[in-house]
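Visitor: Would you mind keeping the following structure in view while I ask a few things?
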């Protein structure tokens, strides 16, 4: 089974992907991680991508999806959850072509629905440790640091990413909603789209996701 997880920032799609993968049923594939791993491995395509990244430019889709196809081929028959693989409707056929080239296709597209107000609350309360990269969220008691503003693991002061500040989150969200509308319409027309309510707890969503996938 091959899946694509979509949703606004803060919807927990990456968390749910990792939970499924932890159970041994799936491998999570992120285009960003595929490029980073390819660069470390010295892949010719990945090094081409790096040349664009070093100049602060977007990596051309042609390179991204060729890299993705190579990586997917290396996974053999493993079930995959794609994250970050489609950010614009124009990328839908590119992902399809990449999968088709290695004899695969998407079985379902899960969209994690979260209201704008909840997105704002979650992201604007997100903090991380610059030393060990641990992420905290003061909006959730279970994910808050034991001491306000201090990392549980190393005692360093927590900081907030610039793109998690309220005014930036609002701008990011407006852009995401604009692109998502076309993406959801396209996948709904293909009969692949499944909506998931992303407002409950992580644990409850994980149960629902497994039910929707028949696992």
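A short reminder: the numbers here are calculations on the coordinates, not readings from a lab. Since this is a predicted model, take the numbers as computed values, not measurements. No Cβ is skipped: glycine too gets one built from the backbone with ideal geometry, and neighbour counts run over all protein chains shown.
Visitor: Based on DSSP, what percent of beta bridges with both residues in the chain are antiparallel, to the nearest 5?
Guide: 25 percent
Visitor: Distances longer than 25 Å among the Cα atoms of the chain: what percent of all pairs is that?
Guide: Above the 25 Å cut-off, the chain has 46 percent of its Cα pairs.
Visitor: Let me ask something additional. Using per-residue counts of other Cβ atoms within 10 Å, averaged over each peptide, order 5-17, 26-38, 137-149 from highest down.
Guide: Descending packing order for the listed peptides: 5-17, 26-38, 137-149.
Visitor: Which residue fluctuates the most in the chain, going by a Gaussian network model with Cα springs under 10 Å, if the choices are 176, 59, 40?
Guide: Between 176, 59, 40, it is 40 that shows the largest mean-square fluctuation.
Visitor: In percent, how large is the relative contact order of the stretch 1-95, given Cα pairs closer than 8 Å and 6 or more residues apart? Don't skip to the answer; put the middle values down first.
Guide: Working: 96 pairs, mean separation 40.1, N = 95.
Relative contact order here is 42 percent.
Visitor: Any idea what Rg and Dmax come out to for the stretch 23-88 if you just take the C-alpha atoms, in Å?
Guide: Both quantities, over Cα of the stretch 23-88: 12.2, 39 Å.
Visitor: Can you give the relative contact order of the chain as a percent, counting alpha carbon pairs under 8 Å and 6+ residues apart?
Guide: In percent, rounded to a whole number, it is 26.
Visitor: Based on alpha-carbon positions alone, could you give the equivalent ellipsoid semi-axes of the stretch 1-120 from the gyration tensor, as √(5λ), descending, whole Å?
Guide: Semi-axes from the Cα gyration tensor: 23, 19, 14 Å.
Visitor: Mean shadow of the stretch 95-215, computed from the convex hull of its alpha carbons, in nm²?
Guide: Averaged projected area of the stretch 95-215's Cα convex hull equals 10.0 nm².
Visitor: Another question about this same structure. Two-decimal Rg/Rh of the stretch 85-155 from alpha-carbon positions, Kirkwood Rh?
Guide: 1.20
Visitor: Now a separate question. Quick check: Cα centre of the stretch 74-102 to Cα centre of the stretch 167-215, how many Å?
Guide: Going from one Cα centre to the other spans 17 Å.
Visitor: Let me ask another. Using every pair of alpha-carbon atoms in the stretch 156-215, split the distances into 5 Å bins beginning at 0 and state the percent of pairs per bin, rounded to integers.
Guide: Result, from short to long distances: 4, 14, 13, 14, 19, 19, 10, 5, 2, 0 percent.
Visitor: Next up: Between helix 44-54 and the chain, what is the angle of the helix's C-alpha long axis to the longest principal axis, kept within 0 to 90° and rounded to the nearest 10?
Guide: Relative to the chain, helix 44-54 is tipped by roughly 40 degrees.
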